[in-house]
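So the structure is just underneath, and the comments pick up after that.
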Amino acid sequence: MDITLDEDQAMILRSAQEFAREALTPARIRALEADDNGFDARTWRRMADLGWAGVVFPERYGGTGLGMFELGLIVEALGQGAVPSPLFSTVVEAGLLLLEAGSEAQRAHWLPRIAAGGAILTTALLEPGGALGSAQVRACAQRAGAGFRLSGTKLFVRDAGAAAAIICLARSGAAADDLTWFMIPADAPGLARRRLQAAGGESLWEVTFADVAVPADAVVGAVGAGWPLAERLLLRGAALKAAELVGIGQASLDLTLEYARTRVQFGVPIGSFQGVQHHCTEMYRDLTVCRLLAWQACARLGAGRDGLREAAMAKAKASEAIPALTRTAHQIHGAVAYYRDYPLELYYHRAIAAAAAYGDAGHQRRALAGLMRGDLARFQGEHRHDLPVHQG
Amino acid sequence: MDFDLTPDEAAFRAEVRAFLTRELTPEVWREHRDLGEQGMWTPAFTKAFRRKLGAAGYIGMGWPREYGGGGRSRVYQAIFWDEMEYFRAPGLDRSITYVPNALLALGTEQQKQSLLPRVMRGELSWFVGYSEPEAGSDLAGLKAAAVEDPATGDFIITGQKSFSSDAHMADYGWVAVRTDPAMSRHRGISLFIVDMTLPGVQITKYPTLAGWTHHAVYFDQVRVPRSMMVGELNEGWRVVMGAIDFERAALASYGLVGFQLDRLLAWCGAERADGTRKLDDPLVQDELVRLAIEGEGTRLMTYWLASLHARGLMPQHETSLALLVKRETARRFDVAGLEMLGPFGPLRAGSPWAELEGDVEVEYRDRLYFQFAAGGFDITRNVVAQRGLGLPR
């Protein structure tokens, strides 16, 4: 047991934080929110040069062979700097899906390109129902000769505008869980993309498929075996969004502490008031708990272990606590941070977007409740006591 | 970064769990449980159990080998504290945690040689004499005084200490007194180890709302040799502050919260008279899940703190933060437990229809002290803001 960063991990976090601090000006970050790509291509290229786009890929695919934990540190730092990037769409979603389930040809083609910063990919999972269950997937792939024809509407697709291809989950048969992932070029006839206006700096899209022809070799993984892959994708997303929320919370707390130390009212810095101090300690308390939970979730998934309990706990806690933290940050700042040129608003919006991604707090608690009723030992975790509860 | 116990740490935890399961049988519980005591066990059993802990090598396992300690990392210490709390075992208090830790860091060589071996054998019980009627959160306002007798070099202590946990069963007091009233508030304080059998020591009782008896200690011209002073004359504030950090680290263990969670899960999962389970109620599920998440945060804080110590990083405000998290979480469990028991919640221990032996109601009352003792919640928030976050005083 050693819940501290080792030297290499501390260095990764430090250098990612330095990068995130100077990568983009606040004005550029705001401008990118209105930009269809949503991220700065040169910055993404620099991140790829630093090895971050391939941090979770093996070396044979151009990666650096580190793991989810290190990726979590990078995501945390980018969240802290409010730096938009296609890391989630391209690496966390599509890249890790291909690494896990793609054919050797798919992996050999795409992973080195992702790692080099040359390819943007994404996945399409959610639909107008908005829920994260297999029953919600209504997009349909009909057999047509050797291949399929795909129709349906997907929502909240990250970076679809910049993506070279979209990996889409669709129903491939009559059985409830007969779902399959299909990789479709973004310029395929019948595929249409529309940007969603959304808070938080991620470029989210509606993608419609109107009888899109899909060849047999576009299947990712096995036909009918798509849902377990989706569950693991969501789990990775949840753990890493929890890490991003930690970065968002850290930035909000840092801005607040700086303001509380320097803003003078009634002749003293407002940070000397106990009311303000208590708020700041509460923010720091929740942030610390969220960070430990996120670290644990990323470490478990990174080690290839079952991490439903840990990821759901991390995401459930961060999805409530960090948006609340940004509201307290605004309360302490008062009117000054209500103006768009004050950086706190970036985090206020990013917090709710990250909280909504890959399963909100309620979704995660529902998953934990299922575990609690169905598999109590797993719910209690590996430190549990196997004896009956001791009663006097 | 490693969230798992090493094989050796896991083996140690299994050993401690086996020890506590063996020692604290249902028969032992029935015989020695005593709700009239702060520790919920009879003083005699608490003292006997502490000797067993000593014999098993569980006291001082993190101390240097030169004083008979086990030289093990703080992670082992945290595991032991964790399990002791989970089993609600007697004897895990200042006597084996922070007083000897402070003595180790700040005591004279002679004090360490004479007292630490006895501490490690589990022979000594201590009370801490900090608080006074007029000096609580503002401890520097303490008035009990010691005057040096120039003829012998002894110090003569006179004054009152209040809220003195377990003073009635203590062999020694760890007592802060004013030794130079002319100096500023934070100076002019010295720390003495006081033999509680000395003439002039008198103990009085106060019943608490929790049902157990608390104590106050009066010193009337109690003569203490200079050799029992800890640290330098008039530099006792530093000793007090150092010891408070040790105290908070020991109190910030996870075990109590883990026990609360398991007990509630078991109770909610059991079939009731009408054939339903509390656990089938979605609102109960949501509350239990929320509690479990807070519990997990508490557990990680405990072991994060131990990891920082094990790395020699000397956490300070982090310790206060971990204690705040632990105690707030434990209180949340107290409240939720009482609510879930519904109409049975207020039934007291001994009532024929009491659920969980009435323990939840006992604990709801008892642990009110979490909100104000050893640094109340609000004072702790100030401490973290000022010492940890750099906000101005």
- Item | Proximal lysines relative to A:LYS315, as straight alpha-carbon distance under 22 Å, when same-chain residues fewer than 8 apart are discounted | A:LYS241, B:LYS326
- Can you tell me the FRET efficiency between B:ALA349 and A:GLU231 if r is taken as the Cβ-Cβ distance and R0 is 45 Å, rounded to the nearest 0.05? 0.45
- J(HN,Hα) series, region B:264-272, from Karplus relation 6.51 cos²θ - 1.76 cosθ + 1.60, nearest Hz, glycine and proline x: 5, 4, 5, 5, 5, x, 7, 6, 9
- Item | For chain A: relative contact order, % (alpha-carbon pairs under 8 angstrom, 6 or more apart) | 15 percent
- Task: Just the number, please: carbon plus sulfur as a percent of the accessible area of region B:252-388, 1.4 Å probe, no ligands or DNA/RNA counted.
- Result: 54 percent
- Item | Accessible area in square angstrom per residue, chain B, 1.4 angstrom probe | 40 Å²
- Spin-label pair A:ALA176/B:ALA105, simplified geometry with 7 Å Cα→Cβ offset, distance in nm: 5.8 nm
- Note on the structure: With Cα springs under 10 Å, the Gaussian network model of chain A assigns the largest mean-square fluctuation among A:SER134, A:SER203, A:SER319 to A:SER134
- Note on the structure: Here the averaged projected area of chain A, based on the convex hull of its alpha-carbon atoms and given in nm², is 22.0 nm²
- Item | Heavy-atom surface of region A:123-223, accessible at 1.4 Å and reported per residue (Å²) | 41 Å²
- Please compute how much accessible surface disappears when B pairs with A, both sides summed, using a 1.4 Å probe, and round it to the nearest 100 Å². 5600 Å²
- Task: Diagonalise the Cα gyration tensor of the protein assembly as shown and give the resulting equivalent ellipsoid semi-axes, square root of 5 times each eigenvalue, largest first, whole Å.
- Result: 55, 30, 23
- Query: Got the relative contact order for region B:323-371 handy, in percent, Cα pairs under 8 Å and 6 or more residues apart?
  - Reply: 36 percent
- Task: Return one number: the angle in degrees, 0 to 90 and rounded to the nearest 10, between the long axis of the Cα atoms of helix B:43-55 and the longest principal axis of the Cα atoms of chain B.
- Result: 90 degrees
- Determine the share of chain A's accessible area contributed by carbon and sulfur atoms, expressed in whole percent, with a 1.4 angstrom probe. 53 percent
- Fully extended contour minus Cα-Cα distance, from B:ALA182 to B:TYR206, at 0.36 nm per residue: 5.3 nm
- Task: Please report the orientation-averaged projected area of region A:107-192, defined via the convex hull of its C-alpha atoms, in nm².
- Result: 6.4 nm²
- Query: To the nearest 10 degrees, how steeply does helix A:226-262 sit against the main Cα axis of chain A, on a 0 to 90 scale?
  - Reply: 20 degrees
- Within the accessible area of region B:7-92, what % is carbon and sulfur when the probe is 1.4 Å and the other protein chains stay in place? 53 percent
- Task: Would you mind telling me which residue in A:ALA115, A:ALA188, A:ALA160 has the biggest mean-square fluctuation in a Gaussian network model of chain A, where springs connect alpha carbons within a distance under 10 angstrom?
- Result: A:ALA188
- Message: Test of understanding: express the Cα radius of gyration of region B:326-388 as a ratio to 2.2 N^0.38 Å, with N the residue count.
- Response: 1.39
- Return the calculated 222 nm mean residue ellipticity for chain A, to the nearest 500 deg cm²/dmol, obtained by summing -39500 (n - 2.57) across DSSP H runs with n ≥ 4 and dividing by the residue count. -16000 deg cm²/dmol
- At q = 0.13, 0.15, 0.17, 0.24 Å⁻¹, the log10 of I(q)/I(0) for region B:127-235 from a Debye sum over equal Cα scatterers comes to -0.44, -0.58, -0.74, -1.39
- Item | Estimated distance in nm for a label pair at A:GLN274 and B:ALA373, the labels positioned 7 Å out from Cα along Cα-to-Cβ | 2.2 nm
- Most fluctuating of A:TYR339, A:TYR259, A:TYR61 in the GNM of chain A (C-alpha, under 10 Å) is A:TYR339
- Item | Dimensionless Rg ratio for region B:249-343, taking C-alpha atoms and the 2.2 N^0.38 Å reference | 1.27
- Task: Apply the Karplus parameterisation 6.51 cos²θ - 1.76 cosθ + 1.60, with θ equal to phi minus 60°, to every residue of region B:379-393 and state each ³J(HN,Hα) to the nearest whole Hz, in sequence, with x for glycine and proline.
- Result: 4, 5, 4, 5, 4, 5, 4, 7, 7, x, 9, x, 7, x, 5
- Cut-off under 5 Å, modelled amide H: who pairs with A:VAL220 long-range: A:TRP181, A:PHE182, A:MET183
- Task: For region B:164-176, take each phi angle, set θ = phi - 60°, evaluate the Karplus expression 6.51 cos²θ - 1.76 cosθ + 1.60, and give the result in whole Hz per residue in order, putting x for glycine and proline.
- Result: 9, 4, 6, 4, 5, 10, 8, 7, 9, x, 10, 10, 9
- Task: Tell me which residues come under 5 Å, amide H to amide H, from A:ALA303 once H is placed; ignore anything under 5 positions away on its chain.
- Result: none
- Convert 20 °C to kelvin, take the viscosity as 1.002 mPa s, use the Kirkwood radius over C-alpha pairs of region A:228-380 as Rh, and evaluate the Stokes-Einstein diffusion coefficient in µm²/s, rounded to a whole number. 132 µm²/s
- Could you tell me the distance between the Cα centroids of region A:56-104 and region B:316-393, to the nearest Å? 41 Å
- Query: For region A:55-137, what's the radius of gyration and Dmax over Cα atoms, in angstrom?
  - Reply: 14.1, 40
- Item | Residues whose placed amide H lies under 5 Å from that of B:GLY173, excluding near-sequence neighbours | B:PHE127, B:VAL194, B:ASP195, B:MET196
- Message: Output the 0 to 90 degree angle, nearest 10, between the alpha-carbon long axis of helix B:236-251 and the longest principal axis computed from the alpha carbons of chain B.
- Response: 20 degrees
- Message: Relative contact order of region A:123-223, please, whole-number percent, based on alpha carbon pairs below 8 angstrom and at least 6 residues apart.
- Response: 31 percent
- Item | Alpha carbon centroid spacing (whole Å) that separates region B:130-182 from region A:220-281 | 46 Å
- Query: Taking the Cβ-Cβ separation of A:ALA188 and B:THR21 as r and a Förster radius of 60 Å, what is the calculated FRET efficiency to the nearest 0.05?
  - Reply: 0.40
- To the nearest whole number, what is the average tally of beta carbon atoms from other chains within 10 Å of the beta carbons of peptide A:313-324? 2
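The values are calculated or read from the model by the stated rules, or taken from the named source; none is laboratory data. Predicted, not measured: the structure shown is a model, and the values here were computed from it. When we count neighbours, we look across all protein chains shown, and the Cβ atoms used for this are built from the backbone with ideal geometry, even at glycine. These accessible areas exclude ligands, DNA and RNA; they are computed on the full protein's heavy atoms, side chains included. Shrake-Rupley method; radii C 1.70, N 1.55, O 1.52, S 1.80 Å.
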